[in-house]
Amino acid sequence: MNGNQQSAKMWAGRFREPLNATFEQWQRSFPFDVRLLAQEVAASKAHAKAIAAAGILTEAELATMVGGLDEVLALSGTDWHATVASAPEAEDIHHFVEMQLTKAIGTLALKLHTGRSRNEQIATDMRLFVRDAIDVTAKGLRAWALALVELAEQAGDAVMPSYTHLQRAEPVLVAHWLLAYVAMIERDIARLADSRRRMNFCPLGSGAVAGATLALDRAIAARELGFDGPTPNSMDATSDRDFMLEFTQCLATMGVHISRFAEELTIYSTAEFGFLDLPEAFSTGSSAMPQKKNPDFTELLRGKSARLVGAATTLAVLMKGLPLAYNKDLQEGQEPVFDAADTAAGTLSILPAFTRSLKFNFVRMKTAATTGYLNAMAAATYLSNNGVPFRKAHEIVGNAVRLGLESGRELDALSLAELQGLSEAFGEDFYAAITLEATLDCHDVIGGTARVRVRTALAEARGRLAESAVTS
Ligand code: ARG
(Lines give C-alpha, C1' and ligand atoms only; values in the text may rest on other atoms or scores of the structure.)
Protein backbone atom coordinates (compact mmCIF):
# COMPACT_ATOMS: atom_id res chain seq x y z
CA MET A 1 0.00 0.00 0.00
CA ASN A 2 1.15 3.48 -0.76
CA GLY A 3 -1.18 5.71 1.18
CA ASN A 4 0.23 9.04 0.08
CA GLN A 5 0.43 8.28 -3.57
CA GLN A 6 -3.04 6.75 -3.62
CA SER A 7 -4.78 9.48 -1.71
CA ALA A 8 -3.60 12.03 -4.27
CA LYS A 9 -5.76 10.29 -6.87
CA MET A 10 -9.39 11.02 -7.57
CA TRP A 11 -10.48 7.43 -6.99
CA ALA A 12 -8.04 5.86 -4.49
CA GLY A 13 -10.41 5.00 -1.62
CA ARG A 14 -11.09 1.36 -2.45
CA PHE A 15 -7.55 0.53 -3.58
CA ARG A 16 -4.97 -1.16 -1.35
CA GLU A 17 -2.13 -1.65 -3.80
CA PRO A 18 -0.27 1.00 -5.74
CA LEU A 19 -0.52 1.07 -9.49
CA ASN A 20 2.12 -0.60 -11.55
CA ALA A 21 4.40 2.36 -12.25
CA THR A 22 4.65 1.77 -15.98
CA PHE A 23 0.90 1.29 -16.32
CA GLU A 24 0.34 4.46 -14.35
CA GLN A 25 2.36 6.51 -16.82
CA TRP A 26 1.01 4.69 -19.84
CA GLN A 27 -2.64 5.32 -19.02
CA ARG A 28 -2.29 9.03 -18.26
CA SER A 29 -3.97 11.40 -20.66
CA PHE A 30 -2.59 14.60 -19.14
CA PRO A 31 0.30 14.82 -21.63
CA PHE A 32 -2.28 15.46 -24.37
CA ASP A 33 -5.51 16.51 -22.67
CA VAL A 34 -3.58 19.41 -21.11
CA ARG A 35 -4.71 21.38 -24.12
CA LEU A 36 -8.28 21.16 -22.82
CA LEU A 37 -7.37 23.38 -19.86
CA ALA A 38 -9.42 26.38 -20.96
CA GLN A 39 -12.42 24.14 -21.73
CA GLU A 40 -12.08 22.30 -18.40
CA VAL A 41 -11.97 25.57 -16.48
CA ALA A 42 -14.95 27.01 -18.37
CA ALA A 43 -16.99 23.83 -17.81
CA SER A 44 -15.99 23.76 -14.14
CA LYS A 45 -17.13 27.34 -13.64
CA ALA A 46 -20.44 26.51 -15.29
CA HIS A 47 -20.85 23.46 -13.06
CA ALA A 48 -19.97 25.52 -9.98
CA LYS A 49 -22.81 27.90 -10.84
CA ALA A 50 -25.19 24.99 -11.28
CA ILE A 51 -24.34 23.40 -7.93
CA ALA A 52 -24.50 26.80 -6.22
CA ALA A 53 -28.03 27.16 -7.58
CA ALA A 54 -28.75 23.71 -6.13
CA GLY A 55 -27.60 24.91 -2.71
CA ILE A 56 -24.23 23.11 -2.52
CA LEU A 57 -22.19 26.33 -2.51
CA THR A 58 -22.98 29.68 -0.92
CA GLU A 59 -22.66 32.80 -3.03
CA ALA A 60 -19.34 33.55 -1.34
CA GLU A 61 -18.05 30.02 -1.93
CA LEU A 62 -19.09 30.23 -5.56
CA ALA A 63 -17.18 33.49 -5.95
CA THR A 64 -14.08 31.93 -4.38
CA MET A 65 -14.42 28.87 -6.58
CA VAL A 66 -14.80 30.87 -9.79
CA GLY A 67 -11.90 33.14 -8.80
CA GLY A 68 -9.77 30.09 -8.04
CA LEU A 69 -10.56 28.52 -11.40
CA ASP A 70 -9.59 31.72 -13.20
CA GLU A 71 -6.35 31.71 -11.26
CA VAL A 72 -5.63 28.10 -12.26
CA LEU A 73 -6.06 29.06 -15.90
CA ALA A 74 -3.94 32.20 -15.62
CA LEU A 75 -1.12 30.51 -13.69
CA SER A 76 -0.88 27.56 -16.04
CA GLY A 77 0.07 29.72 -19.01
CA THR A 78 0.11 28.44 -22.54
CA ASP A 79 3.26 26.34 -22.56
CA TRP A 80 1.66 22.90 -22.49
CA HIS A 81 4.94 21.05 -22.19
CA ALA A 82 5.90 23.06 -19.14
CA THR A 83 2.47 22.52 -17.61
CA VAL A 84 2.70 18.77 -18.10
CA ALA A 85 6.23 18.68 -16.70
CA SER A 86 5.08 20.66 -13.67
CA ALA A 87 2.52 18.04 -12.63
CA PRO A 88 3.89 14.52 -13.15
CA GLU A 89 1.29 13.14 -10.76
CA ALA A 90 -1.72 14.54 -12.66
CA GLU A 91 -3.64 11.71 -14.31
CA ASP A 92 -5.65 13.87 -16.62
CA ILE A 93 -6.83 17.45 -17.07
CA HIS A 94 -9.65 16.94 -14.57
CA HIS A 95 -7.25 15.74 -11.90
CA PHE A 96 -4.84 18.56 -12.68
CA VAL A 97 -7.43 21.30 -12.32
CA GLU A 98 -8.73 19.84 -9.08
CA MET A 99 -5.18 19.70 -7.67
CA GLN A 100 -4.39 23.24 -8.75
CA LEU A 101 -7.69 24.54 -7.44
CA THR A 102 -7.01 22.89 -4.10
CA LYS A 103 -3.66 24.67 -3.99
CA ALA A 104 -5.37 27.95 -4.83
CA ILE A 105 -8.43 27.88 -2.54
CA GLY A 106 -7.94 24.94 -0.17
CA THR A 107 -10.43 22.19 0.59
CA LEU A 108 -13.40 24.14 -0.77
CA ALA A 109 -12.06 22.93 -4.12
CA LEU A 110 -13.12 19.39 -3.24
CA LYS A 111 -16.78 20.43 -3.34
CA LEU A 112 -16.54 21.13 -7.05
CA HIS A 113 -16.89 17.47 -7.90
CA THR A 114 -20.30 17.30 -6.21
CA GLY A 115 -22.84 15.91 -8.65
CA ARG A 116 -20.46 15.40 -11.56
CA SER A 117 -18.20 12.81 -13.10
CA ARG A 118 -15.15 12.91 -15.30
CA ASN A 119 -17.19 11.05 -17.89
CA GLU A 120 -19.44 14.03 -18.48
CA GLN A 121 -16.53 16.43 -18.07
CA ILE A 122 -14.44 14.99 -20.87
CA ALA A 123 -17.52 14.78 -23.09
CA THR A 124 -18.17 18.47 -22.41
CA ASP A 125 -14.56 19.58 -22.83
CA MET A 126 -14.30 17.83 -26.16
CA ARG A 127 -17.54 19.39 -27.38
CA LEU A 128 -16.21 22.81 -26.48
CA PHE A 129 -12.94 22.05 -28.25
CA VAL A 130 -14.62 20.74 -31.39
CA ARG A 131 -17.03 23.68 -31.50
CA ASP A 132 -14.12 26.14 -31.54
CA ALA A 133 -12.23 24.04 -34.06
CA ILE A 134 -15.29 24.02 -36.35
CA ASP A 135 -15.38 27.81 -36.25
CA VAL A 136 -11.66 28.13 -36.96
CA THR A 137 -11.87 25.66 -39.84
CA ALA A 138 -14.92 27.34 -41.38
CA LYS A 139 -13.17 30.70 -41.21
CA GLY A 140 -10.08 29.28 -42.91
CA LEU A 141 -12.19 27.65 -45.60
CA ARG A 142 -13.96 30.90 -46.29
CA ALA A 143 -10.63 32.69 -46.69
CA TRP A 144 -9.49 30.05 -49.14
CA ALA A 145 -12.74 30.24 -51.11
CA LEU A 146 -12.38 34.02 -51.35
CA ALA A 147 -8.82 33.63 -52.63
CA LEU A 148 -10.11 31.27 -55.33
CA VAL A 149 -12.85 33.73 -56.25
CA GLU A 150 -10.26 36.51 -56.56
CA LEU A 151 -8.08 34.34 -58.76
CA ALA A 152 -11.11 33.47 -60.89
CA GLU A 153 -12.01 37.13 -61.27
CA GLN A 154 -8.46 37.90 -62.39
CA ALA A 155 -8.57 35.06 -64.92
CA GLY A 156 -11.39 36.87 -66.77
CA ASP A 157 -12.20 35.04 -69.98
CA ALA A 158 -9.04 32.91 -69.97
CA VAL A 159 -9.69 29.35 -71.10
CA MET A 160 -8.31 25.90 -70.47
CA PRO A 161 -9.26 22.40 -71.46
CA SER A 162 -11.55 20.50 -69.15
CA TYR A 163 -10.78 16.81 -68.83
CA THR A 164 -12.72 13.63 -68.44
CA HIS A 165 -10.69 10.46 -67.98
CA LEU A 166 -7.78 12.94 -67.92
CA GLN A 167 -8.29 13.28 -71.68
CA ARG A 168 -9.08 16.70 -73.12
CA ALA A 169 -12.85 17.16 -73.22
CA GLU A 170 -14.26 20.66 -73.82
CA PRO A 171 -12.88 24.15 -73.29
CA VAL A 172 -13.92 25.84 -70.06
CA LEU A 173 -13.17 29.17 -68.50
CA VAL A 174 -10.32 29.00 -65.99
CA ALA A 175 -12.74 30.77 -63.65
CA HIS A 176 -15.23 27.94 -64.12
CA TRP A 177 -12.58 25.40 -63.10
CA LEU A 178 -11.64 27.43 -60.01
CA LEU A 179 -15.29 27.80 -59.06
CA ALA A 180 -15.59 24.01 -58.98
CA TYR A 181 -13.38 24.12 -55.88
CA VAL A 182 -15.41 26.95 -54.41
CA ALA A 183 -18.47 24.69 -54.71
CA MET A 184 -16.65 21.94 -52.80
CA ILE A 185 -15.54 24.38 -50.12
CA GLU A 186 -19.03 25.74 -49.70
CA ARG A 187 -20.26 22.20 -49.06
CA ASP A 188 -17.44 21.71 -46.57
CA ILE A 189 -18.49 24.84 -44.70
CA ALA A 190 -22.14 23.79 -44.75
CA ARG A 191 -21.23 20.33 -43.44
CA LEU A 192 -19.29 21.87 -40.57
CA ALA A 193 -22.14 24.24 -39.75
CA ASP A 194 -24.60 21.37 -39.82
CA SER A 195 -22.53 19.21 -37.48
CA ARG A 196 -22.06 22.21 -35.19
CA ARG A 197 -25.83 22.61 -34.85
CA ARG A 198 -26.19 18.92 -34.04
CA MET A 199 -23.45 18.82 -31.42
CA ASN A 200 -24.17 22.04 -29.55
CA PHE A 201 -25.76 20.44 -26.48
CA CYS A 202 -24.30 20.19 -23.00
CA PRO A 203 -23.51 16.84 -21.34
CA LEU A 204 -23.05 18.38 -17.87
CA GLY A 205 -25.55 16.90 -15.45
CA SER A 206 -25.32 13.45 -17.05
CA GLY A 207 -23.21 12.15 -14.16
CA ALA A 208 -21.11 9.03 -14.65
CA VAL A 209 -23.78 7.27 -16.69
CA ALA A 210 -27.27 7.56 -15.20
CA GLY A 211 -27.61 11.30 -14.59
CA ALA A 212 -26.48 13.61 -11.79
CA THR A 213 -27.40 12.57 -8.26
CA LEU A 214 -28.25 16.14 -7.48
CA ALA A 215 -31.34 18.03 -8.57
CA LEU A 216 -29.32 20.18 -10.95
CA ASP A 217 -30.90 22.71 -13.24
CA ARG A 218 -29.02 21.56 -16.32
CA ALA A 219 -30.04 24.64 -18.25
CA ILE A 220 -27.66 26.74 -16.14
CA ALA A 221 -24.41 25.10 -17.27
CA ALA A 222 -25.71 24.75 -20.83
CA ARG A 223 -26.43 28.45 -21.00
CA GLU A 224 -23.12 29.44 -19.38
CA LEU A 225 -21.21 27.50 -22.01
CA GLY A 226 -23.17 28.74 -25.00
CA PHE A 227 -24.86 25.41 -25.70
CA ASP A 228 -28.39 25.31 -27.08
CA GLY A 229 -29.55 23.17 -24.16
CA PRO A 230 -28.73 20.02 -22.19
CA THR A 231 -28.24 16.64 -23.91
CA PRO A 232 -31.34 14.44 -23.70
CA ASN A 233 -29.91 11.12 -22.45
CA SER A 234 -27.17 10.57 -19.87
CA MET A 235 -25.98 7.22 -21.21
CA ASP A 236 -25.61 8.62 -24.69
CA ALA A 237 -24.12 11.92 -23.55
CA THR A 238 -21.30 10.34 -21.56
CA SER A 239 -20.30 7.95 -24.31
CA ASP A 240 -21.32 9.75 -27.49
CA ARG A 241 -18.44 10.80 -29.68
CA ASP A 242 -20.45 11.33 -32.88
CA PHE A 243 -19.48 14.97 -32.83
CA MET A 244 -15.80 13.99 -32.97
CA LEU A 245 -16.48 11.43 -35.65
CA GLU A 246 -18.48 13.94 -37.69
CA PHE A 247 -15.88 16.66 -37.23
CA THR A 248 -13.07 14.43 -38.43
CA GLN A 249 -15.26 13.17 -41.26
CA CYS A 250 -15.94 16.76 -42.30
CA LEU A 251 -12.20 17.39 -42.24
CA ALA A 252 -11.53 14.18 -44.14
CA THR A 253 -13.91 15.26 -46.90
CA MET A 254 -12.31 18.70 -46.90
CA GLY A 255 -8.93 16.96 -47.11
CA VAL A 256 -10.09 15.01 -50.14
CA HIS A 257 -11.00 18.29 -51.84
CA ILE A 258 -7.71 19.94 -50.90
CA SER A 259 -5.88 16.89 -52.14
CA ARG A 260 -7.66 16.97 -55.51
CA PHE A 261 -6.76 20.63 -55.91
CA ALA A 262 -3.16 19.83 -54.94
CA GLU A 263 -3.02 16.97 -57.39
CA GLU A 264 -4.31 19.07 -60.27
CA LEU A 265 -1.82 21.84 -59.60
CA THR A 266 0.98 19.30 -59.30
CA ILE A 267 0.12 17.87 -62.70
CA TYR A 268 -0.53 21.26 -64.31
CA SER A 269 2.87 22.54 -63.16
CA THR A 270 4.76 19.78 -64.99
CA ALA A 271 6.63 20.67 -68.17
CA GLU A 272 4.24 18.35 -69.99
CA PHE A 273 1.25 20.57 -69.14
CA GLY A 274 2.98 23.87 -68.42
CA PHE A 275 -0.24 25.52 -67.25
CA LEU A 276 1.37 27.22 -64.32
CA ASP A 277 4.69 28.19 -62.93
CA LEU A 278 4.84 27.19 -59.29
CA PRO A 279 5.42 30.15 -56.98
CA GLU A 280 9.02 30.02 -55.78
CA ALA A 281 7.93 31.08 -52.32
CA PHE A 282 6.12 27.76 -51.96
CA SER A 283 8.53 25.41 -53.71
CA THR A 284 11.91 23.90 -52.98
CA GLY A 285 14.88 22.80 -55.01
CA SER A 286 16.69 19.52 -55.24
CA SER A 287 20.00 19.00 -53.47
CA ALA A 288 21.10 16.81 -56.35
CA MET A 289 19.52 18.18 -59.55
CA PRO A 290 20.22 21.89 -59.94
CA GLN A 291 17.41 22.55 -62.41
CA LYS A 292 14.60 21.27 -60.18
CA LYS A 293 11.77 23.26 -58.64
CA ASN A 294 9.62 20.84 -56.74
CA PRO A 295 5.95 21.21 -55.80
CA ASP A 296 6.48 20.50 -52.12
CA PHE A 297 3.50 22.50 -51.00
CA THR A 298 0.96 20.71 -53.14
CA GLU A 299 2.56 17.37 -52.38
CA LEU A 300 2.38 18.05 -48.67
CA LEU A 301 -1.26 19.09 -49.05
CA ARG A 302 -1.95 15.65 -50.49
CA GLY A 303 0.00 14.08 -47.66
CA LYS A 304 -1.71 16.07 -44.92
CA SER A 305 -5.10 15.03 -46.21
CA ALA A 306 -4.12 11.43 -45.50
CA ARG A 307 -3.84 12.34 -41.82
CA LEU A 308 -7.34 13.81 -41.89
CA VAL A 309 -8.78 10.67 -43.42
CA GLY A 310 -6.78 8.68 -40.86
CA ALA A 311 -8.32 10.60 -37.95
CA ALA A 312 -11.84 9.91 -39.17
CA THR A 313 -10.99 6.25 -39.61
CA THR A 314 -9.55 6.04 -36.09
CA LEU A 315 -12.70 7.54 -34.62
CA ALA A 316 -14.99 5.22 -36.55
CA VAL A 317 -13.03 2.13 -35.58
CA LEU A 318 -12.75 3.32 -31.98
CA MET A 319 -16.51 3.68 -31.61
CA LYS A 320 -17.73 0.60 -33.37
CA GLY A 321 -18.50 -2.19 -30.94
CA LEU A 322 -18.26 -0.06 -27.79
CA PRO A 323 -20.93 -1.05 -25.31
CA LEU A 324 -22.79 1.78 -23.60
CA ALA A 325 -21.74 3.88 -21.87
CA TYR A 326 -18.30 5.33 -21.00
CA ASN A 327 -15.28 3.12 -21.73
CA LYS A 328 -11.68 4.13 -21.36
CA ASP A 329 -11.13 3.41 -25.05
CA LEU A 330 -12.71 6.81 -25.60
CA GLN A 331 -9.60 8.50 -24.27
CA GLU A 332 -7.88 7.41 -27.49
CA GLY A 333 -10.29 9.55 -29.50
CA GLN A 334 -8.78 12.82 -28.36
CA GLU A 335 -5.42 12.83 -30.09
CA PRO A 336 -6.76 12.20 -33.62
CA VAL A 337 -9.18 15.10 -33.11
CA PHE A 338 -6.40 17.40 -31.93
CA ASP A 339 -4.16 16.30 -34.77
CA ALA A 340 -6.89 16.74 -37.37
CA ALA A 341 -7.79 20.21 -36.04
CA ASP A 342 -4.11 21.24 -36.06
CA THR A 343 -3.52 19.78 -39.51
CA ALA A 344 -6.57 21.57 -40.91
CA ALA A 345 -5.64 24.86 -39.26
CA GLY A 346 -2.05 24.66 -40.50
CA THR A 347 -3.10 23.79 -44.03
CA LEU A 348 -5.73 26.51 -44.21
CA SER A 349 -3.34 29.10 -42.83
CA ILE A 350 -1.22 28.79 -46.01
CA LEU A 351 -3.71 27.86 -48.73
CA PRO A 352 -5.19 31.35 -49.32
CA ALA A 353 -1.76 33.00 -49.76
CA PHE A 354 -0.57 30.17 -51.99
CA THR A 355 -3.73 30.39 -54.08
CA ARG A 356 -3.35 34.14 -54.50
CA SER A 357 0.23 33.75 -55.66
CA LEU A 358 -0.60 31.31 -58.48
CA LYS A 359 0.42 32.52 -61.93
CA PHE A 360 -1.10 30.68 -64.86
CA ASN A 361 0.35 30.40 -68.34
CA PHE A 362 -2.84 31.40 -70.12
CA VAL A 363 -1.22 31.03 -73.55
CA ARG A 364 -0.38 27.38 -72.94
CA MET A 365 -3.82 26.79 -71.50
CA LYS A 366 -5.51 28.36 -74.51
CA THR A 367 -3.40 26.36 -76.95
CA ALA A 368 -4.36 23.19 -75.14
CA ALA A 369 -8.01 24.23 -75.21
CA THR A 370 -8.05 24.96 -78.92
CA THR A 371 -6.25 21.91 -80.25
CA GLY A 372 -7.44 18.34 -80.20
CA TYR A 373 -11.05 18.82 -81.39
CA LEU A 374 -12.40 20.18 -78.10
CA ASN A 375 -15.11 21.86 -80.18
CA ALA A 376 -16.45 18.54 -81.48
CA MET A 377 -19.38 18.61 -79.10
CA ALA A 378 -20.24 22.15 -80.19
CA ALA A 379 -20.04 20.93 -83.78
CA ALA A 380 -22.49 18.11 -83.06
CA THR A 381 -24.75 20.60 -81.30
CA TYR A 382 -24.68 22.76 -84.45
CA LEU A 383 -25.93 19.84 -86.51
CA SER A 384 -28.60 18.89 -84.03
CA ASN A 385 -29.78 22.52 -83.97
CA ASN A 386 -30.17 22.11 -87.73
CA GLY A 387 -32.49 19.17 -87.26
CA VAL A 388 -30.03 16.26 -87.33
CA PRO A 389 -30.80 13.77 -84.51
CA PHE A 390 -27.98 14.03 -81.97
CA ARG A 391 -26.96 10.41 -82.27
CA LYS A 392 -26.50 10.92 -86.01
CA ALA A 393 -24.81 14.31 -85.51
CA HIS A 394 -22.35 12.63 -83.15
CA GLU A 395 -21.41 10.14 -85.83
CA ILE A 396 -21.04 12.76 -88.57
CA VAL A 397 -18.75 14.90 -86.42
CA GLY A 398 -16.83 11.76 -85.48
CA ASN A 399 -16.24 11.26 -89.20
CA ALA A 400 -15.14 14.88 -89.53
CA VAL A 401 -12.68 14.39 -86.67
CA ARG A 402 -11.34 11.29 -88.40
CA LEU A 403 -10.87 13.34 -91.59
CA GLY A 404 -9.02 15.99 -89.58
CA LEU A 405 -6.84 13.44 -87.79
CA GLU A 406 -5.81 11.91 -91.09
CA SER A 407 -4.74 15.24 -92.54
CA GLY A 408 -3.50 16.94 -89.33
CA ARG A 409 -6.20 19.63 -89.30
CA GLU A 410 -8.66 20.95 -86.74
CA LEU A 411 -12.38 21.04 -87.60
CA ASP A 412 -12.31 24.68 -88.60
CA ALA A 413 -9.65 23.90 -91.22
CA LEU A 414 -11.90 21.48 -93.06
CA SER A 415 -13.49 23.03 -96.14
CA LEU A 416 -17.24 23.37 -96.47
CA ALA A 417 -17.14 21.02 -99.43
CA GLU A 418 -15.39 18.36 -97.34
CA LEU A 419 -17.91 18.83 -94.55
CA GLN A 420 -20.86 18.72 -96.88
CA GLY A 421 -19.47 15.48 -98.21
CA LEU A 422 -20.23 14.12 -94.75
CA SER A 423 -23.60 15.82 -94.28
CA GLU A 424 -25.70 18.31 -96.13
CA ALA A 425 -26.67 19.90 -92.88
CA PHE A 426 -23.33 21.76 -92.76
CA GLY A 427 -23.59 25.40 -93.85
CA GLU A 428 -21.31 28.44 -93.97
CA ASP A 429 -22.44 29.40 -90.45
CA PHE A 430 -20.83 26.22 -89.09
CA TYR A 431 -17.48 27.95 -88.61
CA ALA A 432 -19.02 30.62 -86.37
CA ALA A 433 -20.63 27.88 -84.26
CA ILE A 434 -17.33 26.22 -83.41
CA THR A 435 -15.14 29.19 -82.49
CA LEU A 436 -13.71 29.13 -79.01
CA GLU A 437 -16.25 31.71 -77.84
CA ALA A 438 -19.18 29.84 -79.35
CA THR A 439 -17.90 26.58 -77.90
CA LEU A 440 -17.93 28.16 -74.46
CA ASP A 441 -21.17 30.07 -74.84
CA CYS A 442 -23.25 27.16 -76.11
CA HIS A 443 -23.14 25.90 -72.49
CA ASP A 444 -25.64 28.55 -71.52
CA VAL A 445 -27.29 26.86 -68.53
CA ILE A 446 -27.07 27.35 -64.80
CA GLY A 447 -23.74 25.83 -63.82
CA GLY A 448 -22.42 25.87 -67.38
CA THR A 449 -19.24 27.48 -68.66
CA ALA A 450 -20.89 30.08 -70.95
CA ARG A 451 -19.11 33.35 -70.20
CA VAL A 452 -22.22 35.12 -69.00
CA ARG A 453 -23.07 32.20 -66.69
CA VAL A 454 -19.61 32.13 -65.15
CA ARG A 455 -19.74 35.88 -64.55
CA THR A 456 -23.02 35.42 -62.70
CA ALA A 457 -21.72 32.39 -60.80
CA LEU A 458 -18.69 34.38 -59.68
CA ALA A 459 -20.77 37.27 -58.42
CA GLU A 460 -23.10 34.89 -56.62
CA ALA A 461 -20.24 32.99 -54.98
CA ARG A 462 -18.73 36.24 -53.79
CA GLY A 463 -22.09 37.31 -52.38
CA ARG A 464 -22.64 34.04 -50.54
CA LEU A 465 -19.16 34.09 -49.04
CA ALA A 466 -19.53 37.67 -47.85
CA GLU A 467 -22.89 36.80 -46.32
CA SER A 468 -21.64 33.73 -44.49
CA ALA A 469 -18.81 35.80 -43.01
CA VAL A 470 -21.44 38.00 -41.39
CA THR A 471 -23.74 35.27 -40.11
CA SER A 472 -21.22 32.99 -38.42
N1 ARG B 1 -9.10 10.91 -19.20
C2 ARG B 1 -10.38 10.31 -19.33
C3 ARG B 1 -10.78 10.30 -20.81
O4 ARG B 1 -10.23 11.04 -21.55
C5 ARG B 1 -11.38 11.08 -18.55
C6 ARG B 1 -12.58 10.29 -18.17
C7 ARG B 1 -12.18 9.25 -17.16
N8 ARG B 1 -13.29 8.51 -16.68
C9 ARG B 1 -13.13 7.31 -16.11
N10 ARG B 1 -14.20 6.71 -15.71
N11 ARG B 1 -11.95 6.77 -15.96
O12 ARG B 1 -11.63 9.56 -21.24
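The values are calculated or read from the model by the stated rules, or taken from the named source; none is laboratory data. Everything quoted here is computed from the prediction, not taken from an experiment. Quick reminder, even Gly has a Cβ in these numbers, built from the backbone with ideal geometry, and neighbours come from all protein chains shown. Note: accessible area is taken over every heavy atom of the protein model, side chains too, but ligands, DNA and RNA are not part of it. Shrake-Rupley method; radii C 1.70, N 1.55, O 1.52, S 1.80 Å.
Scan segment 307-330 and tell me whether some residue there is surrounded by 18 or more Cβ atoms within 10 Å (Cβ to Cβ) and basic (Lys, Arg). Yes, some residue in segment 307-330 is surrounded by 18 or more Cβ atoms within 10 Å (Cβ to Cβ) and basic (Lys, Arg). The set of residues in segment 338-357 that are under 15 Å from ALA306 (Cβ atoms) and either among the β-branched types (Val, Ile, Thr) or open to solvent by 10 Å² or more (accessible area, probe 1.4 Å) (or both) comprises ASP339, ASP342, THR343, GLY346, THR347. With the requirement that a residue be over 18 Å from ALA74 (Cβ atoms), within 13 Å of the ligand (Cβ to nearest atom) and part of a helix (DSSP H, G or I), what does segment 97-126 give you? Scanning segment 97-126 gives HIS113, ARG118, ASN119, GLU120, GLN121, ILE122, ALA123, THR124, ASP125, MET126. Scan segment 176-192 and tell me whether some residue there is basic (Lys, Arg), surrounded by fewer than 20 Cβ atoms within 10 Å (Cβ to Cβ) and modelled with pLDDT of 95 or more. Among the residues of segment 176-192, at least one is basic (Lys, Arg), surrounded by fewer than 20 Cβ atoms within 10 Å (Cβ to Cβ) and modelled with pLDDT of 95 or more, which makes the answer yes. Among the criteria (1) crowded, with 18+ Cβ neighbours inside 10 Å; (2) closer than 21 Å to ARG168 by Cα, the one THR367 does not fulfil is (1). Checked against (1) more than 24 Å from the chain's Cα centre (by Cα); (2) away from the ligand (no atom under 16 Å from the Cβ); (3) over 22 Å from GLN249 (Cα atoms), LEU324 meets all criteria but (2). One residue is enough: does segment 266-274 have a residue meeting the conditions in contact with a strand residue (DSSP E or B) (Cβ under 7 Å, 6 or more places away or on another chain), within 30 Å of PRO161 (Cα to Cα) and crowded, with 21+ Cβ neighbours inside 10 Å? Within segment 266-274, one or more residues are in contact with a strand residue (DSSP E or B) (Cβ under 7 Å, 6 or more places away or on another chain), within 30 Å of PRO161 (Cα to Cα) and crowded, with 21+ Cβ neighbours inside 10 Å. Condition first: assigned to a helix (DSSP H, G or I) and over 22 Å from VAL388 (Cβ atoms). Now tell me which residues in segment 441-462 satisfy that. Within segment 441-462, ARG451, VAL452, ARG453, VAL454, ARG455, THR456, ALA457, LEU458, ALA459, GLU460, ALA461, ARG462 meet the criteria. Contact map, segment 119-135: first residue closer than 19 Å to ALA344 by Cβ, second residue within 14 Å of the ligand (Cβ to nearest atom) and outside any helix (DSSP H, G or I), Cβ cut-off under 9 Å, separation 6 or more or different chains; pairs are MET126/ARG241; ARG127/PRO203.
Once segment 138-159 is narrowed to residues that are under 17 Å from the mean Cα position of the chain (by Cα) and open to solvent by 10 Å² or more (accessible area, probe 1.4 Å), the residue that is farthest from ASN327 (Cα to Cα) is LEU146. Please work out if ALA210 is under 30 Å from ILE56 (Cα atoms), small (Gly, Ala, Ser) and modelled with pLDDT of 95 or more. Considered against the rule, which asks whether it is under 30 Å from ILE56 (Cα atoms), small (Gly, Ala, Ser) and modelled with pLDDT of 95 or more, ALA210 comes out as yes. Listed by first and then second residue, the pairs linking a residue in segment 18-42 that is closer than 25 Å to GLY67 by Cα and away from the ligand (no atom under 16 Å from the Cβ) to a residue that is outside any helix (DSSP H, G or I) and open to solvent by less than 30 Å² (accessible area, probe 1.4 Å), with Cβ atoms under 7 Å apart and 6 or more places separating them unless they lie on different chains, are ALA42/LEU225. Applying the condition of being in a helix (DSSP H, G or I) and not hydrophobic (A, V, I, L, M, F, W, C) to segment 192-207 and asking which residue is nearest to SER234 (Cα to Cα) yields ARG198. Can you tell me which condition LEU465 does not meet? The list is (1) outside any helix (DSSP H, G or I); (2) in contact (Cβ under 8 Å) with a residue 40 or more places away in the chain; (3) among the aliphatic types (A, V, I, L, M), and all the others hold. Of everything listed in (1) outside any helix (DSSP H, G or I); (2) in contact (Cβ under 8 Å) with a residue 40 or more places away in the chain; (3) among the aliphatic types (A, V, I, L, M), LEU465 misses just condition (1). Can you confirm whether VAL66 is within 16 Å of the ligand (Cβ to nearest atom), part of a helix (DSSP H, G or I), modelled with pLDDT of 95 or more and surrounded by fewer than 21 Cβ atoms within 10 Å (Cβ to Cβ)? No.
In summary, helices (runs of 4 or more DSSP H) completely within segment 208-287 and bearing 3 or more residues that are under 25 Å from the mean Cα position of the chain (by Cα) and polar (S, T, N, Q) occur at 242-268.
Checking the stated criteria, GLU24 turns out to be over 24 Å from ALA221 (Cβ atoms), in a helix (DSSP H, G or I) and at pLDDT below 95. Among the residues of segment 323-336, is any in a helix (DSSP H, G or I), of a type in the set (Lys, Arg), modelled with pLDDT of 95 or more and more than 21 Å from PHE297 (Cβ to Cβ)? Looking for residues that are in a helix (DSSP H, G or I), of a type in the set (Lys, Arg), modelled with pLDDT of 95 or more and more than 21 Å from PHE297 (Cβ to Cβ), one finds at least one in segment 323-336, hence yes. Candidates PRO295, PRO290: the one that is surrounded by 14 or more Cβ atoms within 10 Å (Cβ to Cβ), more than 30 Å from THR238 (Cα to Cα) and either modelled with pLDDT under 95 or among the charged types (D, E, K, R) (or both) is PRO295.
Here SER76 clears all of (1) crowded, with 16+ Cβ neighbours inside 10 Å; (2) modelled with pLDDT of 95 or more; (3) hydroxyl-bearing (Ser, Thr, Tyr) except the condition numbered (2).
Cβ separations smaller than 9 Å between residues 6+ apart or across chains give the following pairs from segment 373-402 residues that are at pLDDT 95 or above to residues that are among the aromatic types (Phe, Trp, Tyr) and open to solvent by 40 Å² or more (accessible area, probe 1.4 Å): ALA380/PHE390; THR381/PHE390; LEU383/PHE390; SER384/PHE390. One residue stands out among those in segment 84-96 that are within 16 Å of the ligand (Cβ to nearest atom) and part of a helix (DSSP H, G or I): the one that is nearest to LEU19 (Cα to Cα), which is HIS95.
The set of residues in segment 84-124 being small (Gly, Ala, Ser) and either closer than 11 Å to GLU40 by Cα or open to solvent by 50 Å² or more (accessible area, probe 1.4 Å) (or both) consists of ALA85, SER86, ALA123. Of all residues in segment 153-168, those that are modelled with pLDDT of 95 or more have Cβ atoms under 6 Å from Cβ atoms of residues that are among the β-branched types (Val, Ile, Thr), 6 or more apart or on another chain, in ALA155/VAL174; ALA158/VAL174; MET160/VAL174; SER162/VAL172.
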